[in-house]
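Below: one structure, written as structure tokens.
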Amino acid sequence: TYVVTDNCIACKYTDCVEVCPVDCFYEGENTLVIHPDECIDCGVCEPECPADAIRPDTEPGMEDWVEFNRTYASQW
Ligand code: SF4
């Protein structure tokens, strides 16, 4: 799965939402979030993010961000 990280805070762009083929972006408290169970790992959103906030969960230290994304995405 891909995850939204802290560079997204207060970002006003939604380029990522527009390209996601499965519509798995949701509104968090002050970021967008990706639902980790719905993301199909296509990677299309990552280069579209102008804030470089979207990372693959295979990068080191992403565990907390996966939980962050899951927590807020699950509220919808
Ligand atoms: Fe959507 Fe693909 Fe990005 Fe996952 S990796 S959030 S499916 S655009």
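The values are calculated or read from the model by the stated rules, or taken from the named source; none is laboratory data. No experiment lies behind these values; they were computed from the predicted model shown. Here the Cβ positions follow ideal geometry from the backbone for every residue, glycine too, while neighbour counts run over all protein chains shown. The protein model used for the area step is the full one, side chains on, heavy atoms only, and it has no ligands, DNA or RNA in it. Shrake-Rupley method; radii C 1.70, N 1.55, O 1.52, S 1.80 Å.
Quick notes
- Rounded to the nearest 20 debye, the dipole magnitude of segment 2-73 is 140 debye, with +1 charges on Lys and Arg beta carbons, -1 on Asp and Glu beta carbons, and the Cα centre as origin.
- Whole-Å distance, taken between Cα centres, linking segment 44-76 and segment 18-40: 9
- Carbon + sulfur, % of accessible area of the chain - ligands and nucleic acids excluded, 1.4 Å: 48
- Under the Debye formula (equal points on every Cα, no solvent term), log10 I(q)/I(0) of the chain at q = 0.12, 0.14, 0.19 Å⁻¹: -0.25, -0.34, -0.66
- Applying a DSSP loop filter and a limit of 14 other Cβ atoms within 10 Å to the GluC sites (Glu not before Pro) in segment 1-75 leaves Glu29, Glu38.
- Solvent-accessible area per residue in segment 2-73 equals 57 Å², computed with a 1.4 angstrom probe and all protein chains kept.
- Normalised by the number of residues in the chain, the mean separation of alpha-carbon contacts (under 8 Å, six or more apart) gives a relative contact order of 44 percent.
- Long-range amide H partners of Val3 with built H, under 5 Å: Arg55, Asp57
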